[in-house]
Each structure stands twice: as structure tokens, then as C-alpha cells.
DNA sequence: ATACTAGTTGACCAGTTGGTAAAATGTCAA
DNA sequence: TTGACATTTTACCAACTGGTCAACTAGTAT
């Protein structure tokens, strides 16, 4: 016990990286095992199926996202509108960083990618991603609500519908950046997102 | 010649339907052939590979989209803002219709789905989808430009950037609808899209 | 020492994958 | 009728898929 880097941990790390960059179907159990340096028998000691591994991987991905993006972006050290801006700017930064580090394509959002690949055929995975989205939407909704109270966002804005729209827009531009393989499309989109919230720049 | 329903046509129809609902990897060549009522040998008589079939399928999909959505939505019989509204309302209608007809999940945008599934591993397919997106963006841009001239959209709006954003938003809400398996999320989003364009409703 | 357990291993499985090759059949013009 | 060409069919391939299983190893508590 108390090993620094257990097989299970390495397996989850491999799954996060490989599935983010290449999706679900294109990454086989064997490849996952090779990447993690374990044998296939061990895989099925830790997870009953590839789908189960994916569900756990999604939890890890959500924890990472919360730590690296949600908490920093929505920290209350700046006014609400600035938090929304940071949400978009940080996403842009991560996409650019990932593209350059991995030396490959724009990878986009791991949740969005898997949602569209598996949404119509893996209901459990679909639900987990829906859950992750809903948690982000809740944070955005609270931020919009706060901005309404400070008068930064006009009263007629519906926080729930708008929060949903803001995340949709974020996912949409990430899809566009991936499709065009160009992170520059992400630059400056925060001002348009604020316009969705009724902010007349 | 002049057969009413050639093998190649049936194959493309099958590919459109199956790949839209289940994606690329989950639909095999054999299943495609069964669905179209042909044998696998015939498949490779018409297309050198599954990837080639997909490229042609994307062209068909774009033609369909243009006929069923772009041309009706952006017809010049109504003012520009109303055209943008129709673009969103028609998309909503198609998603609802498809879900009920097929009796299954929300399918989302065929281009968006394939873009995220294959974007990082099939450059040619990625490019074709990028092309399709760009053609739609061009139509939206022209519409925004026209609305600026009629004064419906304020002068400070950048037509190129905003058109890109509007399509991204459309793709984003389609992703969201698919993830939540609920077409109701698509309702009323046209007003938020107009807010992106600087329209103060 | 013993027994229990978590972890690891390699051999194996049936089914499927995209793709090939050649023979058979159908179609049409000269 | 013939020859040329498009189409269809059947049989086949190596590679790979997710998953199983029994045997083995090592640490740990009794």
C-alpha cells in the first residue's frame, strides 16, 4: 500500500490523456494498458469494463476541471463580470497550452467530445456528463445572479437560461476551435459572452 | 442506368442516417451494407474506403442542410433579424421532429458530432466539416451585415466575429440538447443569439 | 507457519473490424 | 452475337476488439 503511483492511478491518468485527445472508441483497452504500463488482466481487476473505467475517468476529469478552471476563474477576488471573462480567457489559455505541449491538434472540451461521441449510445456516460455540465452552469448562474445584484447585468436577464446559454457558447467555440484546429478563434469571445448576458460593452 | 434507387444512393442514405445517429466508429462497413441491402464487395466497388464514403456523405449532408435549413431560414422574404430567429427555430423544430420520428435520443448536429469524434484523427474529414461551417458562417455574416445597414444591429458589431459566434452558439446548444437529451433547451435561444449581435430586446 | 487478500500475469476466447481478390452476373452499344 | 464495362456476389484475410480465467506473487494479519 501507499505506493506513490499505483497501477490504478496510472491507468486513470492514461485514460484521461488518451480519451481526451482521441475519444472513446479509438482508444482500446490494450492501448490503455500499454500506456499505463500494466497488463490487460490487471485492467479487469480494477474495472469491470471499459465503460466503467470511462465513468471513473469522467469523475477525475471533473475534479481536474474544478481545480484548474472553475475555482480560479470564479474566485470572488474580482467582480462577477470579470469572473465570467476569466472563465473564457482561461479556457483559451488551456487549449493553447495543450496544443503546444502535445504538439498536435486543438483537443477541445473532454466532456463535450465524449458527449457527442457517446451521447446516443451510452446513457450512463451521457448522464455523468450532463451532471458535470449542470454543476458548471450552477456556478455561472450564481455569478450572473450576483452581477444582477450589483447592477452589472440588467434585471430582465434570466440567470438560469442565460447560464445555460453561456456554457453552451463556451462549448460551441471550443468545438469550432477544434474543427478549425485554431485556438485563435477563442480570443476575445468573452465580450460576446457578456453581450449574451445583456452587458452593453 | 436511370434506376430509381441505385446501390450507391442507398448506401449514402444509410450512411447519412446511421452516422448521424451513432457516429463514425460505431457504424461498421458491414452494418452499412446490411442497411443498404448490398454486399460488402459492392461497397468497395463504389468507395475505396470507409473514410471516402464518409467524405461523400458529408457532402450530401451539407446539401441537405442547405436545402432544408439554410435556404428556408435565410430567405429574403423577411427582415434580417427574423431570418436569424428562423435559423434557430427551424433547428429546434428539426431536432424535435427527428427525436420523435426516430423514437430515440436527441441527435444533434451531424457535422458537430463528427467534428468532435474525428477532428483530431481524420484531417480530411475535419477540413470538410470546417468548410461546411464556413459556408454557414458566411450566410450569417451577410445577414448581420444587412441588419447593420437597416439599423437593426448596432454599428459596433463585427460581422465576421459575431457570425462565427452565432454558429458556435447554435452548435453549443445542440450539444447541450443532446447531452441532456432534451430538445426543450433549444426553445427561445434565438433571443439570446440576437443579444450576441447587440440587439437589446 | 499459515491463511487470506490485493495485485499481477499471460494465455486464451469468440466475434468483429476494414479491406481484398476473383469469379459471376447484368447491361448496353456496335 | 460479341466485346467491353459496370455491378454484384462469395469467400477470404490478418489484425484487432472487449473480455475471461486460472495460476501466480507478495505482503499482511493471525
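Out of A:51, A:102, one residue alone is within 16 Å of DNA strand D (Cβ to nearest atom), within 14 Å of chain B (Cβ to nearest Cβ) and under 20 Å from the mean Cα position of the chain (by Cα). It is A:51.
Residues of the stretch A:105-128 include at least one that is under 17 Å from the mean Cα position of the chain (by Cα), at pLDDT 95 or above, more than 7 Å from chain B (Cβ to nearest Cβ) and surrounded by fewer than 18 Cβ atoms within 10 Å (Cβ to Cβ). Taken residue by residue, the stretch A:148-161 has no member that is under 18 Å from the mean Cα position of the chain (by Cα) and either closer than 16 Å to residue B:195 by Cα or assigned to a loop (DSSP other than H, G, I, E, B) (or both). Search the stretch A:4-38 for residues being within 12 Å of chain B (Cβ to nearest Cβ) and either in a helix (DSSP H, G or I) or buried (at least 20 other Cβ atoms within 10 Å of the Cβ) (or both), and hand back the single one that is farthest from DNA strand C (Cβ to nearest atom). Top of the filtered list is A:20. All conditions in (1) within 24 Å of residue A:23 (Cβ to Cβ); (2) away from DNA strand C (no atom under 16 Å from the Cβ); (3) within 14 Å of chain A (Cβ to nearest Cβ) hold for residue B:88, with the sole exception of (1). May I ask you to verify whether residue A:61 is in contact (Cβ under 8 Å) with a residue 40 or more places away in the chain, assigned to a helix (DSSP H, G or I), more than 14 Å from every other protein chain (Cβ to nearest Cβ) and more than 10 Å from DNA strand D (Cβ to nearest atom)? Criteria met by residue A:61. Note on the stretch B:163-190: residues that are within 9 Å of chain A (Cβ to nearest Cβ), surrounded by fewer than 22 Cβ atoms within 10 Å (Cβ to Cβ) and on the phi < 0 side of the Ramachandran plot amount to 1. On the stretch given as the stretch A:168-179, residues that are free of Cβ contacts under 8 Å to residues at least 24 places away in the same chain and over 22 Å from residue A:134 (Cβ atoms) total 2.
The values are calculated or read from the model by the stated rules, or taken from the named source; none is laboratory data. Owing to the predicted nature of the structure, the values given are computational and were not obtained by experimental measurement. FYI the Cβ positions are ideal-geometry reconstructions off the backbone, even for glycines, and counts take in every protein chain you see.
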